[in-house]
Amino acid sequence: MAIKGVEELRAVVDTAVTEVKITDVHTHLYAPCFGDMLLWGVDELLTYHYLVAEVFRWVDMPYQDFWNMSKKEQADLIWKTLFIDNSPYSEACRGVLTVLNKLGLDTGKRDLEAYRQYFAGKTMEEYVDQVFEISGVKEAVMTNDPFDDNERKVWFESYKADPRFEAALRIDPLLNTWDQVWTRLKEWGYNVEEELNPTTLKEIRRFLSEWANRMQAVYMAVSLPPTFEVPENSSRAVIIEECVLPVCRELNIPLAMMIGVKKLINPGLILAGDSVGKGSIDTVEYLCTNYPYNKFMVTMLSRENQHELCVVVRKFRNLMVFGCWWFLNNPSIIDEMTRMRFELLGVSVIPQHSDARVLDQLIYKWAHSRRIIADVLFDKYKDLMETGWKIDKSDIRRDVEKLFGQNFWDFVNKKL
Ligand code: FIX
Ligand code: ZN
């Protein structure tokens, strides 16, 4: 039955977007078997690196003094500085309050101790259930780094699959610091040298294949600097073309490239010390053109890359754009990017991922983005209705299912 007017349209769009169960294609969360690697609770929310960067807008203490504080002391300082002494309307601060509110806590009381008490009575396992229920996320893709000692131990000794958590093989150290990590592959039994000779390349392919299979990785991923280029006379470019892409093709999994991060421009801030730079869209074009049987998921960190990325996505069926990454994950820019993508690419996009590092963040990152994406969808359907096009509830539910998960799975399973 066609939707009659804009009031009904608004209600149908809001219901569809509110009810859709989400596949979150990129997070830093971990399944419960990874134990303390999964961060959760109000002190982890308050010490999220986004808020660390913001607290140092006000606080003049030496960075190391902050890092020497306990997690609780850091959270107390951030709470006082960003929430009590200043209004918490930045997106990262607002997010903390959205989480507390959705948990049924009274943010009007501004009572951090009370919020801590709420979490004190919870186990991680029951809280994972609760957060997935409230956030409407049905599965989250992890970021799994075989070069992380804690993580590697779990994969070899205690990994226990949880259908709500999918794995992605993260290969930044291999691609961005080969000269520092080749010896680790050697220690692990791979017959490699620093020189990328045929034997070394073959062994890197074996390393990638073994880990992708061990993890049942749904894609391989890497974050890359603005200067990232292929082709290039660099170990990164050679390993991508000679190892990563052949293994991804053999396993029929995408390579996710997250382009534009300038690592540690302020090292004292540690995770909060990264910045952004405009990347090369030429490299994305080169890879999609020269590797038509590989699949590429791409997100770029610079706002200035967004339009050209949308145009290039129009040209290649082996390219999928995803998310409003990191410094772009703010209402004003999510709105701008989503409108641009819907106008250039229609339904064939993955409009958002959470990048959540703290479990609770699934609640706010998706609550905030659902509303924005619903607003843009409403405008687009309204434009259609004004042409005389008849829209059905089933059309909207179909599109929303694709945007919030099916496009991802169809792309992961697509055989080129
Ligand atoms: O490379 C990445 O996966 C980035 O998302 C992270 O390094 C970054 O710290 C982050 O969490 C941004 O939201
Ligand atoms: Zn990330």
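The values are calculated or read from the model by the stated rules, or taken from the named source; none is laboratory data. The model shown is predicted, which means the values in this text are computed figures rather than measured ones. Methodologically, a virtual Cβ is constructed for each residue, glycine included, from the backbone with ideal geometry; neighbour enumeration extends over all protein chains shown. Calculation scope for accessible area: heavy atoms of the full protein, side chains included, ligands and nucleic acids excluded. Shrake-Rupley method; radii C 1.70, N 1.55, O 1.52, S 1.80 Å.
Consider only pairs whose beta carbons are under 7 Å apart and that are at least six residues apart or on different chains; among these, list those whose first residue lies in the stretch 19-37 and is closer than 19 Å to S223 by Cβ and within 16 Å of ligand 2 (Cβ to nearest atom) and whose second residue is assigned to a strand (DSSP E or B) and of a type in the set (V, I, T).
If the second residue must be assigned to a strand (DSSP E or B) and of a type in the set (V, I, T), the pairs left are D24/V137; D24/V141; V25/V141; V25/I350; H26/V141; T27/V141.
Taking L51 as meeting all but one of (1) under 16 Å from A356 (Cβ atoms); (2) of a type outside the set (G, A, S); (3) in contact (Cβ under 8 Å) with a residue 60 or more places away in the chain, write down the number of the exception.
It is condition (3) that L51 fails.
What pairs come up if the first residue lies in the stretch 244-263 and is within 16 Å of ligand 1 (Cβ to nearest atom), the second is open to solvent by less than 50 Å² (accessible area, probe 1.4 Å) and of a type in the set (D, E), and their beta carbons are under 7 Å apart, counting only those six or more places apart or on different chains?
V261/D274; K262/D274; K263/D274
Could you please give the count of residues in the stretch 141-181 that are surrounded by 13 or more Cβ atoms within 10 Å (Cβ to Cβ), away from ligand 2 (no atom under 15 Å from the Cβ) and basic (K, R)?
2
For E187, which of the numbered conditions (1) within 16 Å of ligand 1 (Cβ to nearest atom); (2) free of Cβ contacts under 8 Å to residues at least 12 places away in the same chain fails to hold?
(1)
Within the stretch 195-243, count every residue that is farther than 22 Å from C288 by Cα and free of Cβ contacts under 8 Å to residues at least 12 places away in the same chain.
Of the residues in that region, 6 qualify.
What are the residues in the stretch 322-339 that are within 16 Å of ligand 2 (Cβ to nearest atom), open to solvent by 20 Å² or more (accessible area, probe 1.4 Å) and in a helix (DSSP H, G or I), if any?
Matches in the stretch 322-339: W326, F327.
Within the stretch 30-44, work out how many residues are in contact with a Leu (Cβ under 8 Å, 6 or more places away or on another chain) and away from ligand 1 (no atom under 14 Å from the Cβ).
Residues flagged as in contact with a Leu (Cβ under 8 Å, 6 or more places away or on another chain) and away from ligand 1 (no atom under 14 Å from the Cβ) within the stretch 30-44 amount to 5.
Table: residues versus (1) closer than 21 Å to L309 by Cβ; (2) in contact (Cβ under 8 Å) with a residue 12 or more places away in the chain; (3) open to solvent by 10 Å² or more (accessible area, probe 1.4 Å).
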residue: L345; (1), (2), (3): yes, yes, yes
residue: I350; (1), (2), (3): yes, yes, no
residue: A356; (1), (2), (3): no, yes, no
residue: F378; (1), (2), (3): no, yes, yes
residue: G388; (1), (2), (3): no, no, yes
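Assuming K109 fulfils every condition listed in (1) more than 27 Å from K21 (Cβ to Cβ); (2) open to solvent by 70 Å² or more (accessible area, probe 1.4 Å); (3) under 25 Å from the mean Cα position of the chain (by Cα) apart from one, which condition is it?
For K109, the failing item is (3).
Do we find that R398 is modelled with pLDDT of 95 or more, within 16 Å of ligand 1 (Cβ to nearest atom) and surrounded by fewer than 21 Cβ atoms within 10 Å (Cβ to Cβ) in this structure?
It is false that R398 is modelled with pLDDT of 95 or more, within 16 Å of ligand 1 (Cβ to nearest atom) and surrounded by fewer than 21 Cβ atoms within 10 Å (Cβ to Cβ).
Could you list, in sequence order, the residues of the stretch 182-223 that are open to solvent by less than 80 Å² (accessible area, probe 1.4 Å) and either touching a Ser or Thr at 6+ places or on another chain (Cβ under 8 Å) or part of a loop (DSSP other than H, G, I, E, B) (or both)?
W182, W188, G189, Y190, V192, E193, L196, N197, A217, V218, A221
Mind checking which residues of the stretch 305-318 are open to solvent by less than 10 Å² (accessible area, probe 1.4 Å) and either within 16 Å of ligand 2 (Cβ to nearest atom) or not in a helix (DSSP H, G or I) (or both)?
Matches in the stretch 305-318: N318 only.
For D106, state whether it is charged (D, E, K, R), at negative phi and within 16 Å of ligand 2 (Cβ to nearest atom).
So D106 does not fit the description; no.
For the stretch 61-88, which positions are open to solvent by 20 Å² or more (accessible area, probe 1.4 Å) and within 18 Å of I363 (Cβ to Cβ)?
P88
Restricting attention to the stretch 1-11, which residues are surrounded by fewer than 20 Cβ atoms within 10 Å (Cβ to Cβ) and touching a residue at least 12 places away in the same chain (Cβ under 8 Å)?
Scanning the stretch 1-11 gives M1, A2, V6, R10.
Looking at the stretch 258-277 only, could you name the residues that are at negative phi and within 19 Å of the chain's Cα centre (by Cα)?
M258, I259, V261, K262, K263, L271, A272, G273, D274, S275, V276, G277
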